Amino acid sequence: MTIMIKEHPGYSKTLEYSEDKIICYKINNYQIMGVADGHGKNGNGKLISSYIADNFIILFTEHLKQNFININQLLINITKILHINVNTYINNNNISGGSTLSICVIDESINIVYLYNLGDSISMIFRKIEDIQQYKILFKTTKQIVHNQPNEFTGGFGDVDDICLIRTPEINQFPLMNDDYIFITTDGLYEGYNNIINKLISIRTDEDIINDFNNGLLINKYNILEYMITNQINYIYDQLKGIYSVEQIEDSFDNHAIILYTQIYGIS
């Protein structure tokens, strides 16, 4: 098993915090990985995403102690409790904001993966197509968008005054094959630029992501996440030559967090 983790500060280089939070724990036979992408003024997004990440692990552990074996139902129960706890935390601390949550739970005893998504963070399973010896996207979570202007609002926790947000997670279950890759990222990679850049270039397609992934495995499998980030920045630069420098584009990125999991041992 190999787990790669990569964070990029993006525009948070100018701040004292990143609003993204990475989750990576092993509990009994369950490998749990995920990302929470917070938002809010004055660092509130970081507080909320950290609270959600910490509480998710606590609640998961408590449910296992109660002999929960239906992971789908366990995740639904945790969601209901988290909504209450997060709203209480926000009100008690007199803050505002919210967070997305994308979680991957792998039951290593039976090689089953559960993908949980609430918001616009993304999880994908890459599976090798043997005929061409390349990977394709077997599954990609839905990007839950409610409205885009002036900011992009999605599903998530918190934002207690916004009754329009999606509050029910998408949960999917798949058998895991030995050479599968699971890719989890906040929206800062591929889809999270500032408003000006969004208007000037088109979002990259799944095929672009697949090409990045396959090329990354061939060119630099030991640092594939760095390759994918650099390739994305260079792609934007190619579209905006004469308008933005590479450095300006990097600083316009939303901060993002990425996890890559595979059962292939020792590739990193």
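When each of L101, L118, L47, L59 is tested for being at pLDDT 95 or above, crowded, with 18+ Cβ neighbours inside 10 Å and aliphatic (A, V, I, L, M), the lone residue that passes is L59. Scanning the range 160-190 for residues that are at pLDDT below 85, of a type in the set (S, T, N, Q) and crowded, with 22+ Cβ neighbours inside 10 Å gives a single hit, T186. Taking every residue in the range 26-39 that is closer than 16 Å to T262 by Cα and pairing it with any residue that is of a type in the set (S, T, N, Q) and surrounded by 13 or more Cβ atoms within 10 Å (Cβ to Cβ), at least 6 positions away or on another chain, the pairs with Cβ-Cβ distances below 7 Å are G34/S102.
When the range 238-262 is filtered for residues that are crowded, with 17+ Cβ neighbours inside 10 Å and either hydrophobic (A, V, I, L, M, F, W, C) or modelled with pLDDT of 80 or more (or both), the ones remaining, listed by number, are L240, I249, F253, A257, I258, I259, L260, Y261, T262. Would you pick out the residues in the range 30-41 that are within 14 Å of I57 (Cα to Cα) and either part of a helix (DSSP H, G or I) or not β-branched (V, I, T) (or both)? Passing the criteria: Y30, Q31, M33, G34, A36.
Restricting N44, N77 to residues that are in contact (Cβ under 8 Å) with a residue 24 or more places away in the chain, part of a helix (DSSP H, G or I), more than 22 Å from I182 (Cα to Cα) and not β-branched (V, I, T) narrows the list to N44.
The values are calculated or read from the model by the stated rules, or taken from the named source; none is laboratory data. What you are looking at is a predicted structure, and each value in this text was computed from that prediction instead of being measured. We place every Cβ from the backbone using ideal geometry, glycine too, and count neighbours over all the protein chains shown.
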